[in-house]
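Asks: A single structure is presented below for examination.
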Amino acid sequence: MVSAENRIKEIALACGASAAGVAPAAELVEFKRFSEAAAAVPPGLAYLNREPLRRKNIKNWFPAAEAVLVCSFRYWEPGMNYAEELAKTGGAAAFLERTGRKVKQPELLAAPGAKISRYALSRDYHLTVKEKLSAALEAIKKEFPGAEGKTFCDTSPVLEKELARLAGLGFRGKNTLLVSWESGSYLFIGGIALNLKLKPDTPAADSCGSCELCVKACPTGALKDGALDAGLCLSYWTTQAKEKIPAALAAKASGYAYGCDLCQEACPWGR
Ligand code: B12
């Protein structure tokens, strides 16, 4: 007989997740380091300091939570060709507008050869991931009488990278992202806080070793000691900041005009 946790992971995979795992619904030890790092974020990310108790413990966000189903959704495969995928959009600026993305630095996008990050080359992932998670939650409710849950992807006060690590979906790379052995870091994270008692998976061990390729690849020096200085991150300036990007950072944008993949392109686990 399949255990409840394995059956629930099967449902998540059937609904479109690339991988699924279970994390405990409990206070996060990592929250202390998170709150220290979050206190230093630039103005466009000040919201990260809101609702600290919910970020600290998912039970403060969904009180019935007994376990968290965490899923990853791959959005880039090693064989894919960036130039071809970009060409399919029919033009970066028009595509971003069509898919509801707000361009923060139009002058970068107007430059010849402007690039957009791989995650933005398809429909808004908040919509696609939420649709898959909602379908999974409905299927779980049908199979497990009394089951209740609450889905999250990106916008909820949930520390997704840490929950994904605890669910065994990968390790935290020096680029701060969740890196899976199978697909590297080109994946979205989403999940469902559930009122079901499920056995948690084993957290993944760090696999960066002495590799520092992502740190070296970042043209603005935003990565240091396992943390990101978002005020230097091109992704921050091109997707979140309300102000104009400082000229010194714009000069290092390496063509990226919406998001930035340089620290992921460098990661050997993504190849
Ligand atoms: C805010 C945010 C951003 C910000 C800040 C990024 C960041 N590093 O946190 C900006 C806008 C810059 C950003 C960029 C990107 N993002 Co973003 N982002 C988020 C969001 C909404 C919150 C993350 C957060 O809480 N950050 C705040 C910081 C303080 O948290 P932290 O990284 O966990 O902080 C840790 C480190 O600082 C470390 N630390 C601190 N001090 C020290 C000291 C030592 C010694 C060590 C070892 C560590 C350490 O510990 C802290 C706690 O774990 C999440 C979704 C979510 N709800 O979780 C998506 C999310 C993290 N982003 C995502 C993506 C895809 C990206 C981009 C790749 C998009 C792109 N291509 O442009 C880039 C990647 C940039 C990067 N290298 O991180 C995905 C990541 C998937 C994955 N594989 O991990 C997420 C999970 C969204 C999703 N649902 O899929 N993002």
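The numbers here are math on the coordinates, done by the rules we state, and not lab data. Quick caveat: nothing in here was measured; it's all calculated off a predicted structure. With ideal geometry, Cβ positions are generated from the backbone for all residues, glycine too; neighbour counts draw on all protein chains shown.
Asks: Does any residue in region 203-223 that is in contact (Cβ under 8 Å) with a residue 12 or more places away in the chain come within less than 7 Å, Cβ to Cβ, of a residue that is of a type in the set (Phe, Trp, Tyr) and within 11 Å of the ligand (Cβ to nearest atom) six or more places away or on a different chain, and which pairs are these?
Replies: From region 203-223, the pairs are Ala204/Phe171; Ala205/Phe171; Asp206/Phe171; Ser207/Phe171.
Asks: Something else about it: May I ask you to list the residues in region 34-84 that are within 11 Å of the ligand (Cβ to nearest atom), farther than 14 Å from Glu160 by Cα and polar (S, T, N, Q)?
Replies: Scanning region 34-84 gives Ser35, Asn49.
Asks: State all residues of region 181-212 that are more than 21 Å from the chain's Cα centre (by Cα) and either within 13 Å of the ligand (Cβ to nearest atom) or surrounded by fewer than 17 Cβ atoms within 10 Å (Cβ to Cβ) (or both); if no residue qualifies, say none. Step through it out loud before you land on a result.
Replies: At the first step, the residues of region 181-212 found to be more than 21 Å from the chain's Cα centre (by Cα) are 195-199, 209-211.
Scanning region 181-212 gives Lys197, Lys199, Gly209, Ser210, Cys211.
Asks: Does region 151-185 hold any residues that are farther than 20 Å from Glu212 by Cβ, in a loop (DSSP other than H, G, I, E, B) and touching a residue at least 40 places away in the same chain (Cβ under 8 Å), and which are they?
Replies: Of everything in region 151-185, those that are farther than 20 Å from Glu212 by Cβ, in a loop (DSSP other than H, G, I, E, B) and touching a residue at least 40 places away in the same chain (Cβ under 8 Å) turn out to be Ser156, Pro157, Val158, Leu159, Ala167, Gly168, Leu169, Glu182, Ser183.
Asks: I need the full set of residues from region 16-32 which are touching a Ser or Thr at 6+ places or on another chain (Cβ under 9 Å) and buried (at least 16 other Cβ atoms within 10 Å of the Cβ), in order please.
Replies: Within region 16-32, the subset touching a Ser or Thr at 6+ places or on another chain (Cβ under 9 Å) is 16-21.
Correct list: Ala17, Ser18, Ala19, Ala20, Gly21.
Asks: Any idea how many residues of region 1-23 are farther than 18 Å from Ala135 by Cβ, touching a residue at least 12 places away in the same chain (Cβ under 8 Å) and either outside any helix (DSSP H, G or I) or out of contact with any Phe, Trp or Tyr (no Cβ under 9 Å at 6 or more places or on another chain) (or both)? Talk me through it step by step, then tell me what you get.
Replies: Here is the first cut: in region 1-23, the ones farther than 18 Å from Ala135 by Cβ are 1-6, 21-23.
Next, from what is left, pick out any that are touching a residue at least 12 places away in the same chain (Cβ under 8 Å): 3-5, 21-23.
Among the residues that remain, those that are also either outside any helix (DSSP H, G or I) or out of contact with any Phe, Trp or Tyr (no Cβ under 9 Å at 6 or more places or on another chain) (or both) are: 3, 5, 21-23.
Going through region 1-23 one residue at a time, the tally reaches 5.
Asks: For the subset of region 254-268 comprising residues that are touching a Cys at 6+ places or on another chain (Cβ under 8 Å) and buried (at least 18 other Cβ atoms within 10 Å of the Cβ), which member is farthest from Glu212 (Cα to Cα)?
Replies: Taking the candidates together, the pick is Cys260.
Asks: Anything in region 115-150 that is in contact with a strand residue (DSSP E or B) (Cβ under 9 Å, 6 or more places away or on another chain), part of a loop (DSSP other than H, G, I, E, B) and of a type outside the set (A, V, I, L, M, F, W, C)? List them, or say none.
Replies: Ser117, Glu148
Asks: Take region 156-178 and flag every residue that is hydrophobic (A, V, I, L, M, F, W, C), over 18 Å from Trp61 (Cβ atoms) and within 7 Å of the ligand (Cβ to nearest atom).
Replies: Let us first name the residues in region 156-178 that are hydrophobic (A, V, I, L, M, F, W, C), namely 158-159, 163-164, 166-167, 169, 171, 177-178.
Filter once more, keeping what is over 18 Å from Trp61 (Cβ atoms): 169, 171, 177-178.
Those that are hydrophobic (A, V, I, L, M, F, W, C), over 18 Å from Trp61 (Cβ atoms) and within 7 Å of the ligand (Cβ to nearest atom): Leu177, Leu178.
Asks: Taking region 221-238 as the search range and keeping residues that are of a type in the set (Gly, Ala, Ser) and surrounded by fewer than 18 Cβ atoms within 10 Å (Cβ to Cβ), which one is nearest to Pro42 (Cα to Cα)? Walk me through it before giving the result.
Replies: Here is the first cut: in region 221-238, the ones of a type in the set (Gly, Ala, Ser) are 221-222, 226-227, 230-231, 235.
Going one step further and asking which of them are surrounded by fewer than 18 Cβ atoms within 10 Å (Cβ to Cβ), we end up with 221, 226-227.
Details: Gly221: 16, Gly226: 18, Ala227: 14 Å.
Top of the filtered list is Ala227.
Asks: So which residues in region 213-264 are near the ligand (Cβ under 10 Å from one of its atoms), not in a loop (DSSP other than H, G, I, E, B) and not aliphatic (A, V, I, L, M)?
Replies: Going residue by residue through region 213-264, those that are near the ligand (Cβ under 10 Å from one of its atoms) are 214, 218, 222-241, 256, 258-264.
Filter again for not in a loop (DSSP other than H, G, I, E, B), leaving 214, 223-224, 227-228, 230-232, 234-239, 256, 258, 262-264.
Answer for region 213-264, where residues must be near the ligand (Cβ under 10 Å from one of its atoms), not in a loop (DSSP other than H, G, I, E, B) and not aliphatic (A, V, I, L, M): Cys214, Lys224, Gly231, Ser235, Tyr236, Trp237, Thr238, Thr239, Tyr256, Tyr258, Cys263, Gln264.
Asks: Next question. Working only within region 10-34, note down all residues that are more than 16 Å from Pro203 (Cβ to Cβ) and in contact with a strand residue (DSSP E or B) (Cβ under 9 Å, 6 or more places away or on another chain).
Replies: Glu10, Ile11, Ala12, Leu13, Cys15, Gly16, Ala17, Ser18
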